[in-house]
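Report on the structure given below.
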Amino acid sequence: MPRLSYRKALTRALADELARDEAVFLLGEDIRVGASNITAGLLKRFGPERVLDTPLSEQAFTSFATGAALAGMRPVVEFQIPSLLFLVFEQIVNHAHKFPLMTGGQCAAPVTYLVPGSGSRTGWAGQHSDHPYSLFAHVGIVTAVPATPTDAYGLLVTAIRHDDPVVVFAPAGALDVRQDVDFATLAPVPLGRGVVRRAGDDVTVVAVGHLVYDALAVAGELADQVSVEVFDPRTLYPFDLDGLVDSVARTGRLVVLDDSNRSCGIAGEIIASVVERVSLTAPPRRVTRPDGAVLPFAPALDRAVQPGREALAAAIHHVTKEGS
């Protein structure tokens with residue numbers, strides 16, 4: 001069975017959608033040369049009218065994408081650096097997101113914003129290492145954070161076909177993951193439907209994006225002490241709260257692993273949403289970056305600021321001890 005990397009899964013999704021629908025086109029900085037290794041080869045296959053290099057003006061080409069979408073196209077915008085989303089928050093939230101709502105559905109803005117390499121890239125420092133997905137979930141924009149190559153393919157395909165704006169965060173920590181895949185089985189992945197990556201009885205761990213692999217590793221290490229269920233939400237808005245509640249109702253305990261800042265992060269929202277519906281055996285825990293974290297350049301400090309396996313194991317022990 002062939003092995004598919006996360007990066008190539010994104011490339012395959014883009015190629016398949018470009019071939020399927022002539023309204024789809026790509027734009028971004030240096031995408032014709034495949035600077036991020038996501039769009040490599042697409043210029044030769046689909047031509048310069050479908051793969052557009054843009055000037056270094058994120059606000060301009062993000063607005064251009066909104067206009068193209070309103071005119072019936074399906075643009076995919078690549079952002080090489082996640083922090084650029086702060087710069088274009090106005091164009092995405094106040095324009096693309098709100099136009100269809102404020103016109104009573106008279107228009108659609110099917111724009112996909114792809115962020116390959118979100119989060120830390122091992123020493124990319126403060127202005128290149130953010131995971132701002134909670135901001136987009138907060139305002140109600142469809143927000144996907146796939147962990148596996150098959151989900152990267154399926155969620156990006158779904159995003160491109162969706163009639164509203166979608167932000168797809170492809171975590172730096174997942175880009176080199178490979179998976180055995182039958183290419184014939186690759187398919188769109190529905191929005192708002194999470195998946196249990198490992199079944200367990202004692203505690204539910206919600207892991208966002210690449211942290212699914214850390215959660216699975218810790219669950220394996222603790223298997224002789226505690227039975228850990230690992231839940232991968234896949235999309236943060238819409239969020240599969242029913243699926244998570246089913247899990248937590250069985251285990252009675254909850255830990256959330258999230259590689260973004262603690263205050264106002266998605267981890268706190270997940271916990272609040274669950275405790276409104278389920279009585280827990282022990283108080284929930286969240287494992288995140290610190291409040292207001294800005295990742296340092298030095299690799300050792302970079303890793304120290306991010307949530308890791310040791311902190312997750314400690315949180316699991318804490319909730320199982322308190323709930324026993």
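Evaluate the following for residue 53: is it at positive phi and charged (D, E, K, R)? So residue 53 fails the test. Here residue 24 does not qualify as surrounded by 22 or more Cβ atoms within 10 Å (Cβ to Cβ) and β-branched (Val, Ile, Thr). Here residue 59 fits the description: at negative phi, modelled with pLDDT under 95, of a type in the set (S, T, N, Q) and in a helix (DSSP H, G or I).
Looking at 268, 308, just one residue is of a type outside the set (A, V, I, L, M), over 23 Å from residue 117 (Cα atoms) and within 20 Å of the chain's Cα centre (by Cα), and that residue is 268. Any residue in region 231-243 that is hydrophobic (A, V, I, L, M, F, W, C) and in contact with a His (Cβ under 8 Å, 6 or more places away or on another chain)? No - not one qualifying residue is present in region 231-243. Just to be sure before I move on: is residue 134 within 12 Å of the chain's Cα centre (by Cα) and of a type in the set (Ser, Thr, Tyr) in the structure I sent? Yes: the conditions hold for residue 134.
In contact (Cβ under 8 Å) with a residue 60 or more places away in the chain and open to solvent by 10 Å² or more (accessible area, probe 1.4 Å): does that describe residue 222? Considered against the rule, which asks whether it is in contact (Cβ under 8 Å) with a residue 60 or more places away in the chain and open to solvent by 10 Å² or more (accessible area, probe 1.4 Å), residue 222 comes out as yes. Just to be sure I understand, how many residues within region 161-178 are surrounded by 16 or more Cβ atoms within 10 Å (Cβ to Cβ) and closer than 27 Å to residue 302 by Cα? Residues meeting the conditions: 10. Of the residues 35, 13, 9, the single one that is open to solvent by 10 Å² or more (accessible area, probe 1.4 Å), among the hydrophobic types (A, V, I, L, M, F, W, C) and either out of contact with any strand residue (DSSP E or B) (no Cβ under 7 Å at 6 or more places or on another chain) or not in a loop (DSSP other than H, G, I, E, B) (or both) is 35. The single condition among (1) touching a residue at least 60 places away in the same chain (Cβ under 8 Å); (2) of a type in the set (A, V, I, L, M); (3) closer than 17 Å to residue 243 by Cβ; (4) open to solvent by 20 Å² or more (accessible area, probe 1.4 Å) that residue 155 does not meet is (4).
Do the conditions hold for residue 201, that is, is it of a type outside the set (Phe, Trp, Tyr), open to solvent by 10 Å² or more (accessible area, probe 1.4 Å), assigned to a loop (DSSP other than H, G, I, E, B) and in contact with a Ser or Thr (Cβ under 8 Å, 6 or more places away or on another chain)?
Against the criterion (of a type outside the set (Phe, Trp, Tyr), open to solvent by 10 Å² or more (accessible area, probe 1.4 Å), assigned to a loop (DSSP other than H, G, I, E, B) and in contact with a Ser or Thr (Cβ under 8 Å, 6 or more places away or on another chain)), residue 201 qualifies.
For region 271-297, give me the residue count where each residue is open to solvent by 30 Å² or more (accessible area, probe 1.4 Å), among the β-branched types (Val, Ile, Thr) and under 28 Å from residue 223 (Cβ atoms).
Going through region 271-297, the residues open to solvent by 30 Å² or more (accessible area, probe 1.4 Å) turn out to be 272, 275-277, 279-281, 283-286, 290-292, 294, 296-297.
Next cut, among the β-branched types (Val, Ile, Thr) only: 275, 281, 294.
Next cut, under 28 Å from residue 223 (Cβ atoms) only: 275, 281.
Here the count works out to 2.
Going by what's in this entry, would residue 196 be described as open to solvent by 50 Å² or more (accessible area, probe 1.4 Å) and among the β-branched types (Val, Ile, Thr)? Yes.
Looking at 35, 23, just one residue is in contact (Cβ under 8 Å) with a residue 12 or more places away in the chain, farther than 23 Å from residue 135 by Cα and within 24 Å of the chain's Cα centre (by Cα), and that residue is 35.
With 249, 300 as the choices, which residue is under 19 Å from residue 194 (Cα atoms) and open to solvent by 60 Å² or more (accessible area, probe 1.4 Å)? Exactly one residue qualifies, and that residue is 249. For residue 191, the conditions (1) open to solvent by 60 Å² or more (accessible area, probe 1.4 Å); (2) modelled with pLDDT of 95 or more; (3) in contact with a Pro (Cβ under 8 Å, 6 or more places away or on another chain) are fulfilled apart from (1).
Residue count for region 239-269, restricted to those that are part of a helix (DSSP H, G or I) and touching a Gly at 6+ places or on another chain (Cβ under 7 Å): 3.
The values are calculated or read from the model by the stated rules, or taken from the named source; none is laboratory data. Predicted, not measured: the structure shown is a model, and the values here were computed from it. Note that we place each Cβ from the backbone using ideal geometry, even for glycine, and neighbour counts take in every protein chain shown. Remember, those area values only see protein heavy atoms, side chains included, never the ligands or the DNA or RNA. Shrake-Rupley method; radii C 1.70, N 1.55, O 1.52, S 1.80 Å.
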